[in-house]
Amino acid sequence: MSLGERFRAAREQRGLTLSDVAEHLRIRSVYLAAIEEENWKAIGAPVYIRGFLRTYARYLGLDPEEAVSAFNATEPAAPAPTVSPSARSRAEYRSPSGPMSPLIWVASIIALALIGFVVYLYVTPAHTQPQVAVASGEPTAPSLTNGSSTQIPATAMPSASVSAAPVAPALKTLVIHLTAPSWLRVSVDGNVSIEGTFPAGTTKTFHGKLALVRVGNAGGVQLTVDGKPLGKLGGSGDVVEKSFVL
């Protein structure tokens, strides 16, 4: 029995329709049908296929790793990368075992000088303006009138009170960074902000009170909430849904 037939038989044995499974797993029924028909092109990249296979297999009580292994057996082996002679010569030229070029020495000296200057600015105390103390009494200033010296009160300078401006509270944020391609849907405060498949290296930032995140490849998605890294959401190919209070 083929892989797709095993999935179909397990589903029908439980008396479930594709719509029933799709509503429970939050996976579109067209993808579930593609698994049972082994129409892998309808799903897309192998990473999404493996994720859907694991989720569907767990729901039906099948071995998810065995299902992924059966799918991997149908995938052609990727060709070994070739290295051009020019690239090989550049790699040999940049070998760390060779002597450093004069430009590298100059760059190193400049970098060390900059680091020393920054350290000097950091450890050197800032110059403060001298403070002038004002006596509590009324100071007198000499004044010459008709050759005699008289004392007249000096005008006291009013003291000004400076109140610090209120500091606005920092906004809490949710940052999602993809280290591998993944399907992604993010809802913030009940509104869907993004939904779709995004490549590795994608970074998205969201603001709000409540965020609902659903991913199709949890092993390639990293989250940071209010500057605190939370790491990956799960394993490679896993479909995971979590909510976060911002």
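The values are calculated or read from the model by the stated rules, or taken from the named source; none is laboratory data. As the structure is a computational prediction, the values presented were derived from the model and not from experiment. Here the Cβ is made from the backbone with ideal geometry for all residues, glycine too, and neighbour counts use every protein chain on show.
I'd like the residue in segment 26-37 that is surrounded by fewer than 17 Cβ atoms within 10 Å (Cβ to Cβ) and touching a residue at least 24 places away in the same chain (Cβ under 8 Å) and, out of all such residues, is farthest from residue 184 (Cα to Cα).
Ranking the qualifying residues of segment 26-37, first place goes to 37.
Does segment 194-211 hold any residues that are over 21 Å from residue 53 (Cα atoms) and either within 13 Å of the chain's Cα centre (by Cα) or crowded, with 16+ Cβ neighbours inside 10 Å (or both), and which are they?
The answer is 200, 201, 202, 203, 204, 205, 206, 208, 211.
What do you reckon, is residue 17 modelled with pLDDT of 95 or more, surrounded by 13 or more Cβ atoms within 10 Å (Cβ to Cβ) and of a type in the set (S, T, N, Q)?
No.
Under 6 Å between Cβ atoms, which residue pairs at least 6 apart in sequence (or on different chains) link something in segment 192-220 that is in contact (Cβ under 8 Å) with a residue 24 or more places away in the chain with a partner that is part of a loop (DSSP other than H, G, I, E, B) and among the polar types (S, T, N, Q)?
219/236; 220/179
Restricting attention to segment 198-219, which residues are in contact with a Pro (Cβ under 8 Å, 6 or more places away or on another chain) and at pLDDT 90 or above? Don't jump to the end; show me each part of the working.
Narrowing segment 198-219 to residues in contact with a Pro (Cβ under 8 Å, 6 or more places away or on another chain): 198-200, 217.
If the condition is that a residue be in contact with a Pro (Cβ under 8 Å, 6 or more places away or on another chain) and at pLDDT 90 or above, then 198, 199, 200 are the ones that fit.
If you go through segment 221-246, how many residues are touching a residue at least 40 places away in the same chain (Cβ under 8 Å) and among the hydrophobic types (A, V, I, L, M, F, W, C)?
Selection size over segment 221-246: 6.
Sort out which residues of segment 1-53 are touching a strand residue (DSSP E or B) at 6+ places or on another chain (Cβ under 8 Å) and in a helix (DSSP H, G or I), and write them in order of number.
Result: 47, 48.
From the list 65, 75, exactly one residue is at pLDDT below 95 and either among the acidic types (Asp, Glu) or under 22 Å from residue 215 (Cβ atoms) (or both). Which is it?
On the way: 65 fails: at pLDDT below 95.
After applying the criteria, what remains is 75.
Just name the residue that is farthest from the chain's Cα centre (by Cα) out of those in segment 164-188 that are modelled with pLDDT of 90 or more and outside any strand (DSSP E or B).
Filtering first and then ranking leaves 181.
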